[in-house]
Amino acid sequence: MSLAYLSVCCSCCVFGWNMSRLGFGNMYVHIATFLLLCLAPFFIFDLAAINIDNEDVRDALGLAGIFLCVLGLLYGGFWRIQMRRRFRLPVSHACCGKPDLTDCLHWLCYYPCALAQEVRTADALHPPAARAPVASIYDDSRVVTVPPSLSVIRTT
């Protein structure tokens with residue numbers, strides 16, 4: 001259950017950690033990119049709307065910022081596609097028979113579940129990049145690895 005909480009409350013951190021663990025680049029770059037794509041449009045469009053006197057245009061800018069923030073979740077969908085291709089994971093043809101579109105819609109519609117699934121998939125795959133020392137927690141009788149920065153690691 002704790003993986004689900006982390007996926008909801010700290011999505012960007014779990015996403016960056018998982019991508020780094022799978023060998024898709026630097027964790028901090030993924031965290032920063034994810035945050036920028038999901039939050040920056042909202043703040044930029046809202047700051048631009050402050051200087052506009054027309055209320056309809058101001059509302060339209062606010063809605064455009066929110067819409068672009070939601071589209072920032074496609075960043076996770078892109079990396080889900082890359083993960084599926086690299087590790088030859090099974091495809092789902094649920095959305096118009098196109099697996100890439102299905103992966104993106106998983107992230108758009110329920111990103112915490114998609115992220116938790118990706119972490120569990122990475123746990124099952126155990127690629128060489130994932131063998132760095134991490135802490136484990138027990139979640140419903142299954143061992144789930146969590147990012148070192150989010151867990152307490154004891155040294156003896």
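Go through segment 103-119 and give me each residue that's of a type in the set (A, V, I, L, M) and buried (at least 17 other Cβ atoms within 10 Å of the Cβ).
So the first thing to find is which residues in segment 103-119 are of a type in the set (A, V, I, L, M), and the list is 105, 108, 114-116, 119.
Hits for segment 103-119 are 105, 114, 115, 116, 119.
Which is within 17 Å of the chain's Cα centre (by Cα), over 18 Å from residue 112 (Cα atoms) and in a helix (DSSP H, G or I), of 5, 28? First the steps, then the outcome.
Details: 5 fails: over 18 Å from residue 112 (Cα atoms).
Answer to the selection: 28.
Going residue by residue through segment 39-55, is there one that turns out to be within 22 Å of residue 117 (Cα to Cα), free of Cβ contacts under 8 Å to residues at least 24 places away in the same chain, in a helix (DSSP H, G or I) and of a type in the set (A, V, I, L, M, F, W, C)? Taking every residue of segment 39-55 in turn, none turns out to be within 22 Å of residue 117 (Cα to Cα), free of Cβ contacts under 8 Å to residues at least 24 places away in the same chain, in a helix (DSSP H, G or I) and of a type in the set (A, V, I, L, M, F, W, C). Considering the conditions (1) hydrophobic (A, V, I, L, M, F, W, C); (2) part of a helix (DSSP H, G or I); (3) more than 24 Å from residue 123 (Cβ to Cβ); (4) in contact with a Lys or Arg (Cβ under 8 Å, 6 or more places away or on another chain), residue 60 is excluded by exactly one of them, (4).
None of the figures in this text is laboratory data; all of them are computed from the coordinates on show. Here the structure is a predicted model, which means the values were calculated and not measured. Heads up, the Cβs are rebuilt from the backbone with ideal geometry, glycines too, and the neighbour counts pull from every protein chain shown.
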